[in-house]
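Each remark here refers to the structure printed beneath this line.
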Amino acid sequence: MIKIEKTYIPLFVILLVTFGIVIGKFWNSNSFAESTIYKSKLNKLIAFIESDYVDDVKTDSIVDLTLTNILGSLDPHSTYTSAEDQALFAEEMRGDFVGIGVYFYSFKDSIAVVKVIENGPAKKAGILGGDRILYANKTKLFGKNIDTEKVFSNLKGEIDSEVTLTIYRKTTQKILKIKVKRAEIAIKSVDIGMLLNPKTGYIKINKFAENTAIEFRAELTKLKLKGITSLVIDLRENGGGLMEVCNEIADELLTDNELIVFTKNKKGAIEKDFATKQGDFETGKLAILINENSASASEILAGAVQDNDRGTIFGRRSFGKGLVQQEMNFEDGSAVRLTTARYYTPSGRSIQKPYTKGASEDYYDESYQRWDSGELFDKNKIAITDSLKYKTKKGRIVYGGGGIIPDVFVPIEVAKGEENIEELFFQSGVISNFVFEQLDAKRNELQKLNFNGFKTKFKDENFVPAFEKYLKKITFDITNLKSKTIINRYIVAEFARQLYSDATYFQLLLNEDKMINEVLKKQ
């Protein structure tokens, strides 16, 4: 457990970029008077609209818009979340959902299985990548304009409930009926734990959810049994998550009584989180990888390691989010996350980048300014404010005011002018869809290859020309690609993932990863 110390001084921290650090789960509504003049105004207006407005209108949508606008006038991380989005968020943070365990793609007029999840119900029932799902029980799931929400609702369900899927297997040209029992499907927050070399372990964390510390310890234990003396923790593209979970992982790396993070609210209350005696990797070399999309909880972990001189931070300046949100849930399942505090690294740094209230678009566009300024390519272009200078435990100089600045700078691999290319890699799913279509045309042939045979066959393959044609066909807004080598690497790795496993995907990606190679040079 993390030790928490409370003190009080005057002064006043993380819905992550994608998810959010939540300090308090629920807001206590009894702490405020039930009736105020402002609440009365809002209620009267809504009642007036309901009774007398000339046209029919859904007042719940007005309320949603009102909440969004109110929070939008505050900081960029105070947000309103609809019931539907809140349910998805809860699944992500909980780390599981109930379903059959497949990744699917709406391909032409059918639902195609891209990949089945290892040890999931679909895998156990015999469903294969490339299968088309025609029916779930008697519900038709093919045809033009397939509704993916309809697909989700028919594949998800109660735990242990059964669904009979009618499958078309293209490789054998047969129609099959397969009964699948739904089960809990883990949403992994630790993508992989693997060896980079006989003494160096690697763990990739994609978010900080409820089960992340458990997943992390499991992978770390396996790596320690293999004899590692050095550990690399990859937080690139990790937008954050739950602060308490991040602190649990920091506790595995720091020694007893080392400060992890502290927060201050507007009433001046300070909460300090310290490491304990328990920790599975308190000695040995440690490297943390960050980039411009590493935010909130990722920055807390990187800041704790850097300020305590526990390890080396590699990469590029992180996002710069030093605000913490508290969640208030409504009866309809929607929620508000309100910024209630700021967090500080052990040296006293706030790493929150500047923002103007009500100007969220400008705030998030700051990442594009990093391309324009050249700081993603040249460490000397990172703007440093001397007045925000702090010292680590051993007296090294570090800076606050807008993200964690790495100890070892590693420039971005993609070319200038391709600011949106990360959308190809991490957000759109377009590489996965392209690979599926390529694989679908010759699945019988490629399935016969083992991984070594695959590596030999694909060693000199160049998929970029075909990929560029595919982007034009689907009218994707990036078509003239400059970063061809790295794009081809992601494509080949995705072939390996769909044919074999996540482990083969990361093995191929990391072999040529510039940041990984920089870490290994300094081991």
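What the table shows:
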| read-out | value |
| --- | --- |
| Test result for residue 118, surrounded by fewer than 13 Cβ atoms within 10 Å (Cβ to Cβ) and closer than 30 Å to residue 497 by Cβ | yes |
| Single match in 171, 212 (criterion: among the hydroxyl-bearing types (Ser, Thr, Tyr) and at pLDDT 95 or above) | 212 |
| In segment 241-262, the residues that are within 19 Å of residue 291 (Cβ to Cβ) and either modelled with pLDDT of 95 or more or over 23 Å from the mean Cα position of the chain (by Cα) (or both) | 246, 249 |
| Strands (runs of 3 or more DSSP E) enclosed by segment 64-111 - at least 1 residues per element that are surrounded by fewer than 18 Cβ atoms within 10 Å (Cβ to Cβ) and of a type outside the set (A, V, I, L, M) | 96-99, 102-107 |
| Unmet requirement for residue 517, which otherwise passes all of (1) assigned to a helix (DSSP H, G or I); (2) modelled with pLDDT under 95; (3) closer than 30 Å to residue 409 by Cβ; (4) of a type in the set (S, T, N, Q) | (2) |
| Residue within segment 471-487 that is of a type in the set (Asp, Glu) and surrounded by 15 or more Cβ atoms within 10 Å (Cβ to Cβ) present | no |
| Check on residue 124, at pLDDT 95 or above, in the same structural domain as residue 161 (by TED's automatic domain parsing) and out of contact with any Gly (no Cβ under 7 Å at 6 or more places or on another chain) | yes |
| Check on residue 496, assigned by TED's automatic domain parsing to the domain that holds residue 436 and under 22 Å from residue 116 (Cβ atoms) | yes |
| Close pairs (8 angstrom Cβ cut-off, 6 or more residues apart or separate chains): assigned by TED's automatic domain parsing to the domain that holds residue 314 in segment 365-387, modelled with pLDDT under 85 and surrounded by 12 or more Cβ atoms within 10 Å (Cβ to Cβ) anywhere | 368/419; 371/416; 371/419; 377/416; 385/401 |
| Set 419, 361: member being in contact with a helix residue (DSSP H, G or I) (Cβ under 8 Å, 6 or more places away or on another chain) and either modelled with pLDDT under 85 or small (Gly, Ala, Ser) (or both) | 419 |
| Those residues of segment 439-460 which are in a helix (DSSP H, G or I) and either in contact with a Phe, Trp or Tyr (Cβ under 7 Å, 6 or more places away or on another chain) or more than 23 Å from residue 512 (Cα to Cα) (or both), in sequence order | 439, 440, 441, 443, 444, 445, 446, 451, 458 |
| Strands (runs of 3 or more DSSP E) completely within segment 140-195 that count 2 or more residues being under 30 Å from residue 216 (Cβ atoms) and not basic (Lys, Arg) | 183-186 |
| Segment 86-108, residues that are aliphatic (A, V, I, L, M) and under 16 Å from the mean Cα position of the chain (by Cα) | 88, 90, 93 |
| Qualifying residue in segment 424-440 (condition: polar (S, T, N, Q), under 25 Å from residue 116 (Cα atoms) and surrounded by fewer than 17 Cβ atoms within 10 Å (Cβ to Cβ)) | yes |
| Which listed residue is among the acidic types (Asp, Glu), modelled with pLDDT of 95 or more, touching a helix residue (DSSP H, G or I) at 6+ places or on another chain (Cβ under 7 Å) and surrounded by 12 or more Cβ atoms within 10 Å (Cβ to Cβ), from 131, 191 | 191 |
| Pick from segment 263-284, criterion of a type in the set (Gly, Ala, Ser) and part of a loop (DSSP other than H, G, I, E, B), ranking: farthest from residue 325 (Cα to Cα) | 284 |
| Search result, residues across segment 348-379 that are assigned to a loop (DSSP other than H, G, I, E, B) and surrounded by fewer than 20 Cβ atoms within 10 Å (Cβ to Cβ) | 348, 350, 353, 354, 355, 356, 357, 358, 359, 374, 377, 378 |
| Residue match in segment 467-484 (condition: closer than 26 Å to residue 290 by Cβ and of a type in the set (Phe, Trp, Tyr)) | no |
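The values are calculated or read from the model by the stated rules, or taken from the named source; none is laboratory data. Note that the structure is a prediction, hence the values are computed from the model and not measured. Methodologically, a virtual Cβ is constructed for each residue, glycine included, from the backbone with ideal geometry; neighbour enumeration extends over all protein chains shown.
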